[in-house]
């Protein structure tokens, strides 16, 4: 079954992705301690009859938009670092085994070589749309936040209606450069203004926006769209758990689908030093892991991405490991939908 | 108005400070996203009629007292690193714009070249006293904790009565070396024993003193003064918010004025690695930001400093950014006094 | 009295340990600010009549088991780094002086040169057993987690019954390599299967086991022993303090003795970067300090170790300082037994 799923996805994405690198997977060759990598590259996963959910990892090594926004390049190397950490994890959380309930496939790496940012975004939109249309849950591993624009476009083309939960220190609704060039600071403006999709501003939630990290003008823009800004300060006052539930409620609302975007710079740099734009304050590692789990468990969630991790500034793989655990936690959330 | 304020301060401090370096300010040149630096170096700030508060940044690149105390030099470079981060921040916290309510002026850098520690402290005392006497709220950016002695002396000469809240892992009431040489570990003893000011021990609060980081003898000294020691351990037991309110209540009491000193080493080194003497435990970044805001909002607060940040040990500007956000938060507190 | 205690211990361990290095101790030569090092190497400690507790530090620079487990070597250098930080601390927590109530002796460093892992473990077992039999409370400063096996064996030989609280991200019950070679991942399996001691699985508590960091097979093994796994996730849900009390209750139960093992990798790498296997999530520095104190205060605790700190990956001694403070906190807990 796994082989057949892999084959199906490979055929769907032929010439658009490079297959996953087997060097990513270093097995302990210990039957008493299998790792996620063992299941992705060698082992059978769940029994055929139980398959409800197939999550598909897609690496998008894109950071042209970070550079265009004046940021520090390096996020293009994040998918490799993150998956390397992910594949060493055990698929067991102390109570449940991940592969009792869901399938997880590594679809490989988007072929961005020699493509402009706009060409790469078009390719990504096409691939993510294809995965959504076939019923898979794409887990997009970025890359800069510019990869959110094609993700938003793809879910907009796929779903009748959708909400967005952006877990982020920044609003990322900057105007385009020269009114035409998108970048890592503009994805949600590009999604909102895309004409062939039904963006619903009332289901757009900015979660974690930090003080002194966004302009009044950008916040006004979000409010004009009908969007909700839950600032970091207000989340600390209300409490994290309550705020998160409220954010999910607003973003899912009556929509068919929910897209959750995790900008790793929403996490305090103590826990996540390896990002393009580190912040002195921010969410804890635990809060990120809880959010990833809740996003996975929410039955509306159809698409997720993890962006802005930057291995060039990481410390002993701390951030790569955290994002890997976030992905695993999202998958445990997916698995819990069926319980 | 801004130009006139700048001019007034420059004239008051002529030959005592070097003007702020314009290289500190790197504008995005984006009218939809102005930064604090834009307002300090180019933009008009609040309308003239609304001015209630003028806060004045003064850089004090002093660390002779750290070296004299056997500590690691480097804090002299902190003002530059901190202001560089501060000027990139937006003056917007998600709800309010800083410059709707207050003025913030960069008075420049105290001219300490070739001065001994004692000469530098005398110059600083003179400058801070001048700023206080003219009704400004000085924000002193250090430098080692030896800059607290002239700050305390200046507020003592200015106010009829004053309290001190020292946010710190250490008590900093060490005896002077050879009974005459002050240093970064002795400022509060020097203030307490200064004869021409009315130091009131009952309004002296040591907030955050860590276990195994102070001696019984130093704590006994504080108790003999009538001061209050709120240990880190007791703050964790009582709760941070409640403890902070109690600390402010004791320090402001019936005094005219309150002086708040932030030693950045009170913050856990996970959040603030770039300090002279890092601590394994300590306050979170959020708690520091909350304290800075509460200090600014308290109508008694007339003087604040941020000390012991050390760029030589910082990681990717984490600590500089945190102190910058603390200064911004203090200013938002000032702005909130009028609401 | 101190001299006599030192002499007694030195004679007990002759040819098995090297005496403590005096270079570890750098006094301020300040009678108003004595440090733990002053008391260990020069000062008289408690008055003879008051002595209830004598804690004995033993350095075990062992990491052969970490390498054998495929981990990163370096933990052998941890005792030196940790004690260097410990001896600079003041023996005062803001309220009490450590040496009013207990004695603390540095017994020196286990002589592991040229010994195999198994030979070193046998020597350690002998030394720890000797210390236990003479009524001392050994504080073993590792070293990889392979040093827990001889510790468990020694307490098993000494006590009629004992419990184990393992503060750890990992279960460390891996099978032996080739069914005979222990390592840093196997100590608790080796203790459980040791035939000449009365291991009681019902008093074995794994505290802090992280998601995706242990296999189902290893957890099943613990459950078959009758042991309790308190996962990190469940501790976060229940609350730290309540969970810790429950863990101590289960581990001490009706036993004569309690052995507490602190694997520093249970702490988030933000707070403890210098470990063999860092984790992106984990306990805070405060939680570790609280646990060390509670372990010391528990009258059943007869033996403690601190393992897996690795100076090669530390940042500005952050982790060494944290472990040092943990040891001091354990000692303050010991002191509080008598109040």
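Any read-out appearing in this document is the output of simple, stated calculations on the displayed coordinates, not a laboratory observation. Predicted model only: the values in this text are computed from it and were never measured. Methodologically, a virtual Cβ is constructed for each residue, glycine included, from the backbone with ideal geometry; neighbour enumeration extends over all protein chains shown.
Observations
- Taking a ≥ b ≥ c as the square roots of the eigenvalues of the Cα gyration tensor, an a/c ratio of 1.5 or more together with a/b no larger than b/c marks the range C:84-139 as oblate.
- Approximate spin-label separation residue A:337-residue A:16, in nm, with each point projected 7 Å along Cα-to-Cβ: 2.0 nm
- With contacts taken as Cα pairs under 8 Å at a separation of at least 6 residues, chain B carries a relative contact order of 20 percent.
- Estimated inter-spin distance, residue C:240 and residue B:237, nm [label 7 Å along Cα→Cβ]: 1.7 nm
- Degrees between helix A:148-158 axis and first principal axis of chain A (Cα, 0 to 90, nearest 10): 80 degrees
- Inter-chain Cβ neighbour count for B:282-294, averaged per residue, equals 3 (cutoff 10 Å, partner chain atoms only).
- Largest first, the three principal axis extents of the alpha carbons in the protein assembly as shown are 84, 83, 41 Å in whole numbers.
- Helix axis angle, C:240-252 relative to chain C longest principal axis, alpha carbon, degrees: 90 degrees
- Prolate/oblate/rounded label for the range C:226-290 (Cα gyration tensor, a/c 1.5): prolate
- The separation of the range A:274-339 from the range A:69-137, counted between C-alpha centres, amounts to 13 Å.
- Rg/Rg_globular for chain C, with Rg_globular taken as 2.2 N^0.38 Å and Rg from C-alpha atoms: 0.91
- The mean count of C-beta atoms from other chains within 10 Å of the C-beta of residues in A:310-322, rounded to a whole number, is 3.
- The rotation axis bringing chain C onto chain A passes closest to the chain C residue reported with its distance as C:270, 2, by C-beta distance in whole Å.
- Cα gyration tensor category, rounded, prolate or oblate, for the range C:27-158 with a/c compared to 1.5: oblate
- Teacher prompt: residue A:161 distances to equivalent labels in other copies, 7 Å Cα→Cβ, nm: 6.3, 6.3
- Here the range C:106-260 yields Rg over Rh of 0.96, to two decimals, using C-alpha coordinates and the Kirkwood radius.
- In plain terms, the residue of B:261, A:269 with the fewest other Cβ atoms within 10 Å comes first and the most crowded comes last, giving B:261, A:269.
- Between this copy and the others, label points of residue C:43 are 5.6, 5.6 nm apart in ascending order, each placed 7 angstrom from Cα in the Cβ direction.
- Using alpha-carbon coordinates, inclination of helix A:117-133 to the longest axis of chain A, degrees: 60 degrees
- Partner chain coverage, peptide A:87-100 - average Cβ within 10 angstrom: 5
- Distances, shortest first, from the label point of residue B:179 to those at the same position in the other copies read 7.8, 7.8 nm; the point lies 7 Å along Cα to C-beta.
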